[in-house]
1. Checking the structure you have, find out if any residue of segment 35-43 is assigned to a strand (DSSP E or B), touching a strand residue (DSSP E or B) at 6+ places or on another chain (Cβ under 8 Å) and within 18 Å of His168 (Cα to Cα).
2. Quick test for you: out of Thr143, Thr100, Thr80, pick the one residue that is among the hydroxyl-bearing types (Ser, Thr, Tyr), under 15 Å from Leu19 (Cβ atoms) and exposed (fewer than 13 other Cβ atoms within 10 Å of the Cβ).
3. Have a look at Phe151, Phe92 and point out the one that is touching a Gly at 6+ places or on another chain (Cβ under 7 Å), surrounded by 15 or more Cβ atoms within 10 Å (Cβ to Cβ) and free of Cβ contacts under 8 Å to residues at least 60 places away in the same chain.
4. Can you tell me how many residues within segment 78-124 are within 23 Å of Leu145 (Cβ to Cβ), assigned to a helix (DSSP H, G or I) and either of a type in the set (Gly, Ala, Ser) or in contact with a Cys (Cβ under 9 Å, 6 or more places away or on another chain) (or both)?
5. Picking from Ala87, Ala118, which residue would you name as being of a type outside the set (Asp, Glu), in contact with a Ser or Thr (Cβ under 6 Å, 6 or more places away or on another chain), within 23 Å of Thr154 (Cβ to Cβ) and surrounded by 13 or more Cβ atoms within 10 Å (Cβ to Cβ)?
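Please treat every number below as a calculation from the coordinates, not as lab data. These figures come from a predicted structure and were not determined experimentally. Please note: Cβ atoms are built from the backbone with ideal geometry, for glycine as well, and neighbour counts cover all protein chains shown.
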Amino acid sequence: MAKEVTVPDVVTTEYSDTLSLEINAINLSEDMSIVSTKNDEILILLYEKSDSTTLSKPLFSKQLIFDQKSSKRQFHFPVTNNQANTALLLFFIELDYDITVEQIDPVIRIHHKTIVEAYKNKDRSTIQNYLGSEDLLGVQQITELPTEFIFNGTYKLDRYEYLLNIKHKKPS
C-alpha cells in the first residue's frame, strides 16, 4: 500500500535575510531650472542578475520623491539567503512623467541587456527608445555586499549626485 503524501496548497518562500538600501541625494537633478519642480521623482528597481533573456520580478521597487528637505532614505526588505548571495542589478531612473512601475518594469526586464550596454556606452538615443523621456541616471551590477557607489553626472543641463549603500543583514 502506498504511503499518503500531503502537498501544501500554497508554496511559501522562506525569507531569512534582509537587504538594507540607503540613498543620499547629494545633488538633485531638478534643482537648476526655474521651471522644474525642484524635486527628483526617482524609481529604483533591484533585480537578481540573470544571464537569461528576461529578468525575474524585482526584489525591490520603489518610487520616491527627493527634495532639499528630504534627501535621505533607507529601506529594509526581505530576501532569501540565496538572493542575498547572488549578483544583483540596480536601475536608478528619474521619472519626468506620470509613468508607473507597472509600465516601466516589463521594459527593463525584457530589454535589460540592451539598456545596460547603452548606459555603459552613453548611448542616450537607445535608452530613449526603451524608456522614452525617463532619465536613466544609473545602472549598477552588485556582486559583493556591503557595497557603496555613486551615480553622478549631468543630464539635460542638470547635475545630479546620489550615494547608494547596500548591506546584507543576516538574521541574529
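1. Filtering segment 35-43 for residues assigned to a strand (DSSP E or B) gives 40-43.
Now drop any that are not touching a strand residue (DSSP E or B) at 6+ places or on another chain (Cβ under 8 Å), which leaves 40-43.
Cutting the leftovers down to within 18 Å of His168 (Cα to Cα) gives us none.
No, segment 35-43 has no match at all.
2. Thr143
3. Just a single option satisfies the conditions, and that option is Phe151.
4. So the count comes out to 1.
5. Values: Ala87 fails: within 23 Å of Thr154 (Cβ to Cβ).
The conditions single out Ala118.
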